[in-house]
1. Anything in the stretch 138-164 that is closer than 25 Å to P114 by Cα and either open to solvent by 30 Å² or more (accessible area, probe 1.4 Å) or touching a Cys at 6+ places or on another chain (Cβ under 7 Å) (or both)? List them, or say none.
2. Across the stretch 109-137, which residue is farthest from the ligand (Cβ to nearest atom) among those that are modelled with pLDDT of 95 or more, open to solvent by less than 50 Å² (accessible area, probe 1.4 Å) and touching a Phe, Trp or Tyr at 6+ places or on another chain (Cβ under 8 Å)?
3. Considering (1) crowded, with 24+ Cβ neighbours inside 10 Å; (2) touching a residue at least 40 places away in the same chain (Cβ under 8 Å); (3) touching an Asp or Glu at 6+ places or on another chain (Cβ under 8 Å), say which one G174 fails and leave the rest.
4. So is K211 open to solvent by 60 Å² or more (accessible area, probe 1.4 Å), within 13 Å of the ligand (Cβ to nearest atom) and more than 19 Å from the chain's Cα centre (by Cα) or not?
5. Kindly check whether there is at least one residue in the stretch 233-243 that is farther than 24 Å from L167 by Cα and in contact with a helix residue (DSSP H, G or I) (Cβ under 9 Å, 6 or more places away or on another chain).
6. With respect to the numbered conditions (1) in contact with a Ser or Thr (Cβ under 9 Å, 6 or more places away or on another chain); (2) outside any strand (DSSP E or B); (3) at pLDDT 80 or above; (4) not small (G, A, S), which one is the sole condition not fulfilled by E17?
7. Hey, L244 hits all of (1) more than 19 Å from the chain's Cα centre (by Cα); (2) surrounded by 14 or more Cβ atoms within 10 Å (Cβ to Cβ); (3) closer than 18 Å to T212 by Cα but one; which does it fall short on?
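The values are calculated or read from the model by the stated rules, or taken from the named source; none is laboratory data. On a predicted model such as this, the values are computed, not experimentally measured, just so you know. Counting neighbours? That spans all protein chains shown, and the Cβs are built from the backbone with ideal geometry, glycine included. Note: areas computed on protein heavy atoms with side chains; ligands, DNA, RNA excluded. Shrake-Rupley method; radii C 1.70, N 1.55, O 1.52, S 1.80 Å.
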Amino acid sequence: MFVWSKLSAAKWSDAWEERFSGSTDATLVISSFPGKQTIRVEAYCATEKRAKSIQKEWGGSVRQLKQQNWAAHASQAPPPVKVREKFVVCTARTNAELAKARKEFPDREIIAVPADMAFGTGHHATTATVLRLLVDLAEDLNKSGKPWRMADLGCGSGILAIAAAKLGASQVWGCDYDPAAVRISKENAERNDTPKVSFTRIDVLKWQPKKTWDIVAANIFHDVLEAAFPQLIQSVAPGGVLMLSGILRTQAKDCLAAGKRAGFVVKKTITKGKWVTALGTVKA
Ligand SMILES: C[S@@+](CC[C@H](N)C(=O)[O-])C[C@H]1O[C@@H](n2cnc3c(N)ncnc32)[C@H](O)[C@@H]1O
């Protein structure tokens, strides 16, 4: 047994959980310390190769553990997530797993997102909420008959961008500042038969949008949203929609006030657990 470990800011706790959810060859343990803003993130792996691959992606250290009974660490793939009547998001990796999911859910489109080292398997409240909103928005846009474009800022696994392409967007682009997320998003786009979706490595905080999008989704954390509001607002096409998520309930008031100052007009907020998602337009 090998253990990868790393100290992290406590605010990333959910992101670590999501990254490892469904991973069958690495079991996550997060330890917090009273009064500290730091957590210890550990992944218990059967092989050194797996532990080292996590270290390669995320830094940290790897150590070997003495022989013990590790049966308690066995984990299972998370159940598929249904989105409205439209999608099932599952962690299928191989063609055989995909075929099995298609057989199990013949009336839904499958989005296959293996639980890799990028956020976004659909199990997190923020992703699930944005996916549902996306399905609703697409329905209205498709009724209008006009082509529509979507941008996924902080794409993680690429799940939102892939969903937009499946929902009929004429052009979809995603970005993330994490090179692993960009690579995994491209792999997932191929896996899901949406190869035209493009992904770029970009730090949203340094981004200067060159064009606009009818739907801009940004499931990033509140501090990034607050700092990036000028770019976010600028990237929304006239009459378009901005969806923000990854906002902790305790931060929502301040975050949305910052958005309002920058020109974000909130039309709807949805709270799920400790997370808030906001949907709105932008001032012309
Ligand atoms: C909460 S995850 C969302 C992933 C996916 N869009 C979803 O909805 O499940 C946030 C993503 O934003 C990315 N991110 C955080 N800060 C960023 C920044 N400044 N620029 C670009 N991406 C960023 C992270 O790497 C991570 O993949």
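1. The first filter runs over the stretch 138-164 and keeps only residues closer than 25 Å to P114 by Cα, leaving 138, 150-164.
Once the filter is applied, which keeps residues that are closer than 25 Å to P114 by Cα and either open to solvent by 30 Å² or more (accessible area, probe 1.4 Å) or touching a Cys at 6+ places or on another chain (Cβ under 7 Å) (or both), the stretch 138-164 yields L153, C155, A161.
2. Only one residue tops the list, namely I110.
3. Here G174 clears every test but (2).
4. Details: open to solvent by 60 Å² or more (accessible area, probe 1.4 Å): yes; within 13 Å of the ligand (Cβ to nearest atom): no; more than 19 Å from the chain's Cα centre (by Cα): yes.
Spelling it out, it is not the case that K211 is open to solvent by 60 Å² or more (accessible area, probe 1.4 Å), within 13 Å of the ligand (Cβ to nearest atom) and more than 19 Å from the chain's Cα centre (by Cα).
5. Checked against the condition, which is being farther than 24 Å from L167 by Cα and in contact with a helix residue (DSSP H, G or I) (Cβ under 9 Å, 6 or more places away or on another chain), the stretch 233-243 yields no hits at all.
6. Every condition holds for E17 apart from (1).
7. (1)
Let's see how each residue does on (1) at pLDDT 90 or above; (2) acidic (D, E); (3) farther than 17 Å from S13 by Cβ:
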{"position": "L28", "(1), (2), (3)": "no, no, no"}
{"position": "E48", "(1), (2), (3)": "yes, yes, yes"}
{"position": "Q67", "(1), (2), (3)": "no, no, yes"}
{"position": "W70", "(1), (2), (3)": "no, no, yes"}
